[in-house]
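See structure below.
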């Protein structure tokens, strides 16, 4: 079941149920946890190989979860002491790590071993309306992802205010975010997402990503956010 994860640095995401789960300590029952992959580590090969998936999910994504929880712990300590003189870097860390956690949670569910093909239903209609054609929307998404400056993400998002789809970029995880927009499809273009397999050929990685996109999940996200009348 799709679930609204929340909004951090302007990113409201529909994603994995387990991304925010109850912790083992009663005082930390609001902490983030790493969601399991919805498929085996080698299930997306040859588009994305097993080694990358293990490192990316178990090490990198876990790092963002740990970083988010560390920031929450520091904020708890500051509240207890009623001292907020060093709050700026902690808030920066919170934004970076929670945004990274949310985007990765959406990323895993954006892919499937049975992916590929083309968008259908109301999603296809919306892509044609907002981009001129489905092919045009996919081309814009891929081009945006390939041209993210340094490390970041390519995103297809739903803008609740304008009731339309947009293709956007994110630098790092939280810069260039469109406030209040919900990610429907995301691709991680940090080098850790592809370098071991594609070296510096980000373009080949983005093209291969299309072979594993789970358009049915993307369509379900679109239908969920457009029927809920909830945005910010």
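In degrees between 0 and 90, to the nearest 10, how far off the longest principal axis of the chain does helix 121-131 point, with axes built from Cα atoms? Roughly 90 degrees, rounded to the nearest 10. Taking label points 7 Å from Cα along the Cα-to-Cβ direction, residue 166 and residue 59 give a separation of 3.5 nm. Between residue 191 and residue 176, the modelled labels are 1.8 nm apart [label points 7 Å from Cα along Cα→Cβ]. Multiplying the residue separation of residue 45 and residue 91 by 0.36 nm and removing their Cα-Cα distance gives an extension gain of 12.8 nm. Residues in region 171-188 near a label at residue 228, defined as backbone nitrogen under 15 Å from the 7 Å Cα→Cβ point? Within reach of a label on residue 228, which here means backbone N under 15 Å from a point 7 Å along Cα→Cβ, region 171-188 contributes 180-185.
For the chain, the longest principal axis of the alpha carbon atoms and the long axis of helix 215-228 meet at an angle near 60°. Between the helical axis of 87-109 and the longest alpha-carbon principal axis of the chain there is an angle of about 40 degrees. Largest GNM mean-square fluctuation across 48, 102, 90, computed for the chain with C-alpha springs under 10 Å, falls on 90. Projecting label points 7 angstrom from Cα along Cα→Cβ for residue 139 and residue 216 puts them 2.9 nm apart. All alpha carbon pair distances within the chain were sorted into 10 Å bins beginning at 0; the resulting P(r) in whole percents reads 8, 33, 37, 17, 5, 0.
Quick note: the coordinates plus some simple rules give every number you see, no bench work behind them. Values in this document were obtained by computation on a predicted structure and should not be read as measured data. All Cβ positions, even for glycine, are placed from backbone atoms using ideal geometry, and neighbour counts span all protein chains on display.
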